[in-house]
């Protein structure tokens with residue numbers, strides 16, 4: 001499944017073979033929470049901007065339109081007209097983000113829907129069943145994402161429960177993949193390492209889940225309130241205890257700077273809402289720093305967002321025009337900024353892969369970081 005092609009220090013260059021195609025790593029997964037990238041981005045657009053993997057949210061799709069509906073329509077790939085890999089998160093992050101709407105028990109989590117307040121229960125088995133109905137390429141194990149500043153006592157109990165839940169996920173996915181009416185019988189399962197900023201808890205948990213020989217391993221519970229320095233320190237301690245011959249996925253991260261630092265520490269899967277969210281607000285990434293196109297200085301600027309970029313926005317439109325669209329609340333402005341930002345991220349990952357292939361990752365990273373500091 002995962003073929004390690006090259007290393008450059010701790011940085012990994014690989015290929016991950018799936019039933020829906022080969023993923024070149026390191027990779028940034030483009031986030032389409034409800035089976036669409038926010039900002040009026042189509043699946044045809046995703047191919048043009050070099051997206052390899054689309055990521056959707058189990059909890060949100062379970063609520064709307066319903067995973068049973070998606071299954072009846074042939075699974076998420078057919079539903080959203082996308083023939084490349086899809087990763088679905090497990091609903092575990094909502095255990096963290098919907099604190100006021102949930103109760104955690106050993107059997108699973110009781111939610112109140114953020115849409116209409118109806119009662120929902122999701123445990124490891126339910127999460128696997130929903131993800132099987134969705135028929136994603138990669139399913140994430142159901143876990144608790146505890147706050148990074150949780151007490152040591154809470155963290156120990158939480159991580160132990162996450163391990164027990166993972167064992168239940170493995171058992172249920174193995175069962176589901178043998179059923180006659182399962183759409184994707186080759187669905188893969190990634191486990192999730194937790195432990196906040198307690199390195200010893202993280203390391204012990206990494207060792208335990210590594211023994212389970214899963215398709216891949218994620219580091220969860222980071223980028224949830226701790227500093228960047230704490231995140232990098234945790235990665236340095238934990239990643240060496242995860243299998244090098246499996247993909248490592250840093251969940252919910254991050255900025256281009258975060259990605260460069262994490263690749264250097266052995267991470268090869270990423271996802272984050274930032275490029276699309278920032279794009280919808282007129283904040284765009286370039287190799288010479290981030291720009292806010294709403295600023296008055298762009299009113300007469302006839303340059304593309306980034307003169308070196310070949311995305312659909314930069315090939316045709318000026319900063320001045322896109323600024324006008326944003327000010328006029330025209331959706332096209334938002335769409336062009338989102339397309340540019342995702343193209344920027346996907347191109348950055350291409351450049352990272354090339355740099356590792358050529359054994360020059362350290363100098364590449366240094367030059368990129370210096371460029372990002374410019375305004």
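The values are calculated or read from the model by the stated rules, or taken from the named source; none is laboratory data. Note that the structure is a prediction, hence the values are computed from the model and not measured. With ideal geometry, Cβ positions are generated from the backbone for all residues, glycine too; neighbour counts draw on all protein chains shown.
Here residue 346 meets the list (1) in contact with a helix residue (DSSP H, G or I) (Cβ under 7 Å, 6 or more places away or on another chain); (2) within 26 Å of residue 221 (Cα to Cα); (3) surrounded by fewer than 23 Cβ atoms within 10 Å (Cβ to Cβ) almost entirely, failing just condition (1). Is region 215-232 home to any residue that is within 20 Å of residue 356 (Cβ to Cβ), in contact with a helix residue (DSSP H, G or I) (Cβ under 6 Å, 6 or more places away or on another chain), surrounded by fewer than 23 Cβ atoms within 10 Å (Cβ to Cβ) and in the same structural domain as residue 191 (by TED's automatic domain parsing)? Taking every residue of region 215-232 in turn, at least one turns out to be within 20 Å of residue 356 (Cβ to Cβ), in contact with a helix residue (DSSP H, G or I) (Cβ under 6 Å, 6 or more places away or on another chain), surrounded by fewer than 23 Cβ atoms within 10 Å (Cβ to Cβ) and in the same structural domain as residue 191 (by TED's automatic domain parsing).
For region 281-297, indicate whether the set of residues that are on the phi < 0 side of the Ramachandran plot, in contact with a helix residue (DSSP H, G or I) (Cβ under 8 Å, 6 or more places away or on another chain), touching a residue at least 12 places away in the same chain (Cβ under 8 Å) and part of a helix (DSSP H, G or I) is non-empty. Checked against the condition, which is being on the phi < 0 side of the Ramachandran plot, in contact with a helix residue (DSSP H, G or I) (Cβ under 8 Å, 6 or more places away or on another chain), touching a residue at least 12 places away in the same chain (Cβ under 8 Å) and part of a helix (DSSP H, G or I), region 281-297 yields no hits at all. Name the single residue that is modelled with the lowest pLDDT among those in region 306-326 being more than 20 Å from residue 51 (Cα to Cα) and in a loop (DSSP other than H, G, I, E, B). Step by step, filter region 306-326, then rank; the result is 307.
Kindly indicate whether residue 277 is in a helix (DSSP H, G or I), surrounded by fewer than 17 Cβ atoms within 10 Å (Cβ to Cβ) and out of contact with any helix residue (DSSP H, G or I) (no Cβ under 8 Å at 6 or more places or on another chain). Answer is yes for this residue. When restricted to residues that are touching a residue at least 24 places away in the same chain (Cβ under 8 Å) and outside any helix (DSSP H, G or I), region 342-372 contains 2.
Picking from residues in region 180-190 that are in contact (Cβ under 8 Å) with a residue 40 or more places away in the chain and part of a loop (DSSP other than H, G, I, E, B), the one that is farthest from residue 16 (Cα to Cα) is 182.
Assess whether residue 28 counts as being surrounded by fewer than 20 Cβ atoms within 10 Å (Cβ to Cβ) and either on the phi < 0 side of the Ramachandran plot or more than 13 Å from the chain's Cα centre (by Cα) (or both). Break it down stepwise before answering.
Numbers: surrounded by fewer than 20 Cβ atoms within 10 Å (Cβ to Cβ): no; either on the phi < 0 side of the Ramachandran plot or more than 13 Å from the chain's Cα centre (by Cα) (or both): yes.
Answer is no for this residue.
Within region 237-253, the residues that satisfy the criterion of being in contact with a helix residue (DSSP H, G or I) (Cβ under 9 Å, 6 or more places away or on another chain) and at negative phi are 237, 238, 239, 240, 241, 242, 243, 246, 248, 250, 251, 253. Of all residues in region 33-47, those satisfying the criterion of being modelled with pLDDT of 95 or more and surrounded by 16 or more Cβ atoms within 10 Å (Cβ to Cβ) are 35, 37, 38, 39, 41, 43, 45, 46. Taking the criterion of being part of a helix (DSSP H, G or I), touching a strand residue (DSSP E or B) at 6+ places or on another chain (Cβ under 9 Å) and within 19 Å of residue 348 (Cβ to Cβ), the residues of region 220-269 that qualify are 231, 235, 256, 258, 259, 262, 263, 264.
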